[in-house]
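The values are calculated or read from the model by the stated rules, or taken from the named source; none is laboratory data. Since the structure is predicted, the reported quantities are computational estimates derived from the model, not experimental observations. Cβ: placed from backbone, ideal geometry, glycine included. Neighbour counts: every protein chain shown. Side chains are part of the model used for accessible areas, which takes the heavy atoms of the whole protein and leaves out ligands, DNA and RNA. Shrake-Rupley method; radii C 1.70, N 1.55, O 1.52, S 1.80 Å.
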Amino acid sequence: MEPPLNDTIEAINRRAYDAMAKNEHFLTTPVLTSELSKPLEILDARGWLGGNIRGWKVLCLAAGGGRQGPLYAAAGAEVTVVDISPEVLENDRRVAAELGMNLRILNVSMVDLAPLHDEEFDLVAHPVSTCYVVDVASVFREVSRVLKPGGLYVSQHKQPVNLQASLRTINGYYTIETAIGDRTKGVAPGESSWLRESSTAEFAHSLETILGGICRSGMVIEDISEPDHAKANSAPDSMSHRSRFIPPYLRIKARKRGDAKPRSLILS
Ligand SMILES: C[S@@+](CC[C@H](N)C(=O)[O-])C[C@H]1O[C@@H](n2cnc3c(N)ncnc32)[C@H](O)[C@@H]1O
């Protein structure tokens, strides 16, 4: 199959997520009202945000769906939500209106955040989505540009091997099927599952691309976690079984180089 052009990849993923939002796919499900009373417990189990983000300017990047944005707003942040899918962002509009929240909502691609100013944000919160772009370096460049010096970048990515390996066992083993870092072919679409959205175009990026890319864009990595989805005695081919062999995600806490300006100086 001919490799799709980059703009086509964006179109494929926009269409896929538009359809997922219309079909109420779990990745586009809005927040429950009951969750809004404990937003940081849900957003920040590791305590990377320090327990209080009241007044922070937060960019929820590729994070539409009516969940992330409202949770950060409930924690007291001033929130901007960016996503490529208009239907996904419709959920944010609806939830914001229902809850009387003020969300700034932008329908742009994460590879070019031109409407956002340099050094605008205290935090960029970026759920799993670098798999949907070929040029991840441009995303990290943009994140670093819009972060204030000392600002935090908390992101989650599909582990390279998660995207390389078969979804099911073949002769009893999960098998590596996709070459790493192939910028032309991407990942063979698998069945729709917790680990793969079959109608999207995805790319398996190497650790050098992800971790090195963050460092090369002017940020310093402070911590990493591998959210645990494994369960002992789970049935082969289930997500919890596969996760015993392949931790599906990599969560990264990074900070833009440079001293944070004291708030009093920023306000004066
Ligand atoms: C796995 S979802 C993450 C957010 C999820 N709704 C949540 O609540 O955690 C991935 C998101 O990335 C968005 N996306 C895909 N490609 C994008 C791009 N190039 N620029 C911005 N957003 C993109 C999709 O529309 C989707 O909303």
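Taking every residue in segment 120-140 that is farther than 17 Å from TRP56 by Cβ and pairing it with any residue that is of a type in the set (Ser, Thr, Tyr), at least 6 positions away or on another chain, the pairs with Cβ-Cβ distances below 6 Å are VAL136/THR130; VAL136/THR209; PHE140/SER217.
Residues in segment 79-102 that are free of Cβ contacts under 8 Å to residues at least 40 places away in the same chain and open to solvent by 30 Å² or more (accessible area, probe 1.4 Å) were compared, and the one that is nearest to the ligand (Cβ to nearest atom) is ARG93.
TYR174: in contact (Cβ under 8 Å) with a residue 60 or more places away in the chain, in contact with a Leu (Cβ under 9 Å, 6 or more places away or on another chain), more than 27 Å from GLU142 (Cβ to Cβ) and of a type in the set (Ser, Thr, Tyr), yes or no?
Values: in contact (Cβ under 8 Å) with a residue 60 or more places away in the chain: yes; in contact with a Leu (Cβ under 9 Å, 6 or more places away or on another chain): yes; more than 27 Å from GLU142 (Cβ to Cβ): yes; of a type in the set (Ser, Thr, Tyr): yes.
Answer is yes for this residue.
In segment 103-119, the residues that are within 17 Å of GLY69 (Cα to Cα) and more than 9 Å from the ligand (Cβ to nearest atom) form Cβ pairs under 6 Å with partners that are part of a loop (DSSP other than H, G, I, E, B) and at pLDDT 95 or above, at six or more places apart or across chains, as follows: LEU106/PRO115. Taken over segment 13-25, the residue count meeting the criterion of being more than 9 Å from the ligand (Cβ to nearest atom), more than 12 Å from SER199 (Cβ to Cβ) and either buried (at least 20 other Cβ atoms within 10 Å of the Cβ) or without any contact (Cβ under 8 Å) to a residue 60 or more places away in the chain (or both) is 1. Scanning segment 173-216 for residues that are closer than 30 Å to ARG257 by Cα, within 16 Å of the ligand (Cβ to nearest atom) and open to solvent by 80 Å² or more (accessible area, probe 1.4 Å) turns up just one, ARG183.
Set side by side, the residues GLY76, GLY50, GLY55 differ, and just one is more than 9 Å from the ligand (Cβ to nearest atom), surrounded by fewer than 22 Cβ atoms within 10 Å (Cβ to Cβ) and within 16 Å of GLU120 (Cα to Cα), which is GLY55. Can PRO149 be described as at pLDDT 95 or above and under 17 Å from ARG216 (Cα atoms)? The answer is yes for PRO149.
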